[in-house]
Structures are given as structure tokens and as C-alpha cells.
Amino acid sequence: MKCEYNVDDRIEGRRITVNCLECDESFDLKECFFHVIKIMGDEYNIDNMVFSDDVETQLTGNVVDILGRLGDLCKDIDRVSSKVPKGKECKNCDVSPKKIFGDIYGSFADEPDKVFEAYYTSYRSLNQGEGCEECKRQSEEDMCRFGEELVSLSDAVLRDAYGIIG
Ligand SMILES: [Zn+2]
Ligand SMILES: [Zn+2]
């Protein structure tokens, strides 16, 4: 299995250890980053992380907080993308939650450094795309919430985190 991990509680805090030795090319930004984000969405109150690869890399503080927030955000986006608009059969609408939020979620998996771009593309689709009013209405609030969280995480901070674990 890829990015196998375990969590242990220690005096200095809750620690997660991710074993990337078994991963294809050892730690890989594309593959492992997405797994790590998903792990962080499932776990809670992590204080430090250790990546066990050819060398051990330990992360603490801000970066771990950012990864935790990214994990929560990613999980939230995944959850919202499976919402089905009420009262309407909506299969091919350009602004359905599945389409616009599914694209953002996909960017976490495929191009983690382009999550912001994916967000803005979906944001534009929601405002300008062809689609039913029901989908638009239902997605606006989620879109705002994700935008606020992304802005608060901020481009520079994200780059910081990617740079350190990449
Ligand atoms: Zn890995
Ligand atoms: Zn629709």
C-alpha cells in the first residue's frame, strides 16, 4: 500500500509517521501529496509528521497546520461534490456540484500546485456557465466558503508548504 502510516500519541504531541519507502519513486509530490492530504483529512490534532523515506523528514508547527487545513478542505470539497441538487434531474449541467467541485477535488489529486487555478476556473463556470438555477443557487454558498479558506491559506503559504515537503 502507498503512503502507509500510523499515528501515535507522545508527550510532545500527536505524531503521524508516513512510510513512503514503498511508494513508486519514494516520496512523490503528485502521488504522496494527495495521499498525505487525504490522511490529514481523516486524522485530527496532529502536531508533527514524519516522512520515512530514504531519509526521515520531520515537519512541525505551521506546515502541519496548513496540511491539516488542506486535508479538511479537500475532504469538504469531496463531500460537496457528491451533493445532488434537490428536486431536479440534473445530468449534464455545467454548474452541477459534481462538475464544478469535482474539478477542484481532481486538482488536489492531479495537480496539487494548481488548486487555486482550478478554484477560479470553477468559480467562473459557476458565475458564467450554462446551467440550471437550482445548481447555481445550491453551490454558491459552498463556493464562497472554499474561496475564503483558500484565500486564508494564501498562495505564498501554500508554496511554502509544498516547497518543504516536495
Ligand atoms: Zn508516499
Ligand atoms: Zn444543474
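Observations on the model:
- Karplus-derived HN-Hα couplings along the range 68-73 (A = 6.51, B = -1.76, C = 1.60, θ = phi - 60°), whole Hz, x at Gly and Pro: x, 5, 4, x, 5, 4
- Residues with amide H under 5 Å from that of R14, placed H, sequence gap 5 or more: D47, N48
- Among the GluC sites (Glu not before Pro) in the range 64-155, those placed in a DSSP loop whose Cβ has at most 16 other Cβ atoms within 10 Å are E89, E130.
- The H on the amide N of V95, modeled in the peptide plane, is under 5 Å from the matching H of C132, each at least 5 residues off or on a different chain.
- Span per principal axis, largest first, for the Cα atoms of the range 38-158 (Å): 51, 25, 24
- Per-residue ³J(HN,Hα) for the range 148-153, Karplus 6.51 cos²θ - 1.76 cosθ + 1.60, θ = phi - 60°, Hz, x for Gly and Pro: 4, 5, 5, 4, 5, 5
Each value in this text was obtained by applying a stated rule to the coordinates, not by laboratory testing. Just so it is clear, the model here is predicted, and its values are computed rather than measured. No Cβ is skipped: glycine too gets one built from the backbone with ideal geometry, and neighbour counts run over all protein chains shown.
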